[in-house]
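Structure first, then comments.
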Amino acid sequence: MSENIDDLTISFYQDDRNVLKELEKVILTRGNWTTIMFLFQELNKKTNEYEAPKVSIRRYQKRGGIYKQQSKFNISSGKQAREISDILLKWFPEGADEAKPRKPKAAKTSAPTHQAPEAEESDDQDDDDDFTQQSDI
């Protein structure tokens with residue numbers, strides 16, 4: 001493993017051959033826990049040619065001054081990558097990061113009534129942590 005996030009690689013050599021070739025790397029998060037997405041190719045040992053690119057998302061934890069791999073998820077084809085991308089774009093449409101759901105609050109009334117008070121939207125975002133939204137997807 002490595003002491004530095006930037007030095008982490010997916011490349012793997014066996015018998016002086018690069019059997020796992022890293023094409024690109026994107027560091028998604030940094031810190032004692034880091035997440036890195038790699039684009040790579042595997043060497044087909046029968047044909048001695050590299051197969052179609054794949055993606056590996058790996059989590060590393062820094063322990064004793066060294067980053068050690070804790071988990072990984074491989075995306076095995078372009079088709080699977082597009083399916084994952086389509087789902088993520090559906091779940092997180094453009095602008096979703098900016099929009100936070102708000103917890104509805106009861107309207108204040110001066111006299112008791114027999115009807116349930118109407119909910120009013122509040123600009124107070126301190127209570128948002130208590131709000132859970134469920135979807136019927």
**Asked** When only residues in segment 33-58 that are touching an Asp or Glu at 6+ places or on another chain (Cβ under 9 Å) and crowded, with 18+ Cβ neighbours inside 10 Å count, which is farthest from residue 84 (Cα to Cα)?
**Response** 40
**Asked** List the pairs whose first member sits in segment 48-63 and is on the phi < 0 side of the Ramachandran plot and among the acidic types (Asp, Glu), whose second member is part of a strand (DSSP E or B) and modelled with pLDDT under 95, and whose Cβ atoms are under 7 Å apart, counting only residues at least 6 apart or on separate chains?
**Response** none
**Message:** Name the single residue that is farthest from residue 16 (Cα to Cα) among those in segment 42-90 being assigned to a strand (DSSP E or B) and polar (S, T, N, Q).
**Reply:** 61
**Lone qualifier among 34, 9 - being among the polar types (S, T, N, Q) and either in a helix (DSSP H, G or I) or more than 17 Å from the chain's Cα centre (by Cα) (or both)** = 9
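The values are calculated or read from the model by the stated rules, or taken from the named source; none is laboratory data. In this text the structure is predicted, and so the values were computed from the model without any measurement. Virtual Cβ from ideal backbone geometry, glycine too; neighbours counted across all protein chains shown.
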